[in-house]
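Below: one structure, written as structure tokens.
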Amino acid sequence: MPDIQVEQFEHIVIVTLDRPPVNAVNNDTFVQIRELFSSLGDDREVRAAIFTGAGRKAFCAGADLSPAVNRPRSERHPQELTDPGHLAREAMWAIIDCAVPVIGAINGPALGAGLALAACCDMLVASENAAFGTPEINVGLLGASAHLSLMMGRHKAREMFFTGEPVSATEMHRIGAVRTVTAPEALREAALELARLLASKSPIALRLAKESMNRTEHLPLREAYRTEQDYTARLLRFEDSREARRAFREKRDPEFKWE
């Protein structure tokens, strides 16, 4: 994929957005993100994914607004013409619906569409030079307020959306949206450490856990907990579930076999 670099080792996939100079995205990029994250569920060996940007200038500086992206209509993806925002949404939903947990390793500013992509990840680690913001209002656009609301409370989200002011990684850590903040050179290892922790879990349990949380996130408590109980009952049918309990009792590492 021209705009996406992929590494896979152990049970981890690292997805790197690589569009110099600041990893700004266009509809072609969104198609690549959609296809890549949608495909991860097909590989039994994948238990966790890391999504990051190339270099240290930006995780993703938002939409590519350069005139060069204005291609003739005949060369555009059909869905660009009938629903211009469709491909961006599909890329974001692919991250949310990815079968395995996605760790955002935010290596620099995540702005506009970049913030939205980061918000769709399940967990975030960030470097000290990272920042988060929705500057669209400053260039005559709107967007990503719903994603801001996933990451923080009502008033902070509105402050950021209306002012367009960025917020530091340290502040995002303080409000609980970012797990840890590291030096830029330590970010990859921090993301890998978290990914290895996830990869040590049952791959079946991880996938059911993510699907369960996606389905319960916006439900009322009664419906949400009942749905979660149903997913627990599904997990209990697998040998991996029994193996996890045996290993816990025997004080050893579990051996999961997708059974």
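What follows is calculated from the coordinates using simple rules that are stated; it is not laboratory data. Keep in mind that this is a model prediction, so the values were computed, not measured. Because the Cβ atoms are built from the backbone with ideal geometry, glycine has one as well, and the counts that use them run over all protein chains shown.
Overview of results
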| quantity | calculated |
| --- | --- |
| Lysine pairs meeting the criterion (Cα under 20 Å, 8 or more apart or interchain), as found in the chain | 4 |
| Around M172: net Lys/Arg minus Asp/Glu count, Cβ-Cβ under 11 Å | +2 |
| Three-way shape label, the range 164-251, alpha-carbon gyration tensor, a/c 1.5 | oblate |
| Segment R234-M1, length gained on full extension (0.36 nm per residue, minus Cα span) | 80.3 nm |
| Segment R245-D42, length gained on full extension (0.36 nm per residue, minus Cα span) | 70.4 nm |
| Packing rank of 117-129, 53-65, where each peptide gets the mean count of other beta carbons within 10 Å, highest leading | 117-129, 53-65 |
| Normalised contact order of the range 4-199, rounded percent, pairs of Cα under 8 Å and 6 or more residues apart | 21 percent |
| Alpha carbon centroid spacing (whole Å) that separates the range 194-252 from the range 109-154 | 29 Å |
| Per-peptide average of other Cβ atoms within 10 Å, ordering 84-95, 232-243, 17-28 highest first | 17-28, 84-95, 232-243 |
| Packing rank of 215-221, 102-108, where each peptide gets the mean count of other beta carbons within 10 Å, highest leading | 102-108, 215-221 |
| Average projected area [Cα convex hull, the range 81-123], square nanometres | 3.4 nm² |
| All-pairs alpha carbon distance profile, the chain, 5 Å steps from 0, percent | 1, 6, 12, 16, 18, 17, 13, 9, 5, 2, 1, 0, 0 |
| Binned Cα-Cα distances of the range 102-178, short to long, each 10 Å bin given as a whole percent | 21, 61, 17, 0 |
| Backbone N under 11 Å from the W258 label point (7 Å along Cα→Cβ), restricted to the range 32-47 | 42-47 |
| Distant alpha-carbon pairs in the range 203-250 (separation over 14 angstrom), percent | 54 percent |
| Taking N as its residue count, the alpha carbon Rg of the range 14-154 over 2.2 N^0.38 Å | 1.02 |
| Residue-span extension gain [E193 to E159] - 0.36 nm each, minus C-alpha spacing | 8.9 nm |
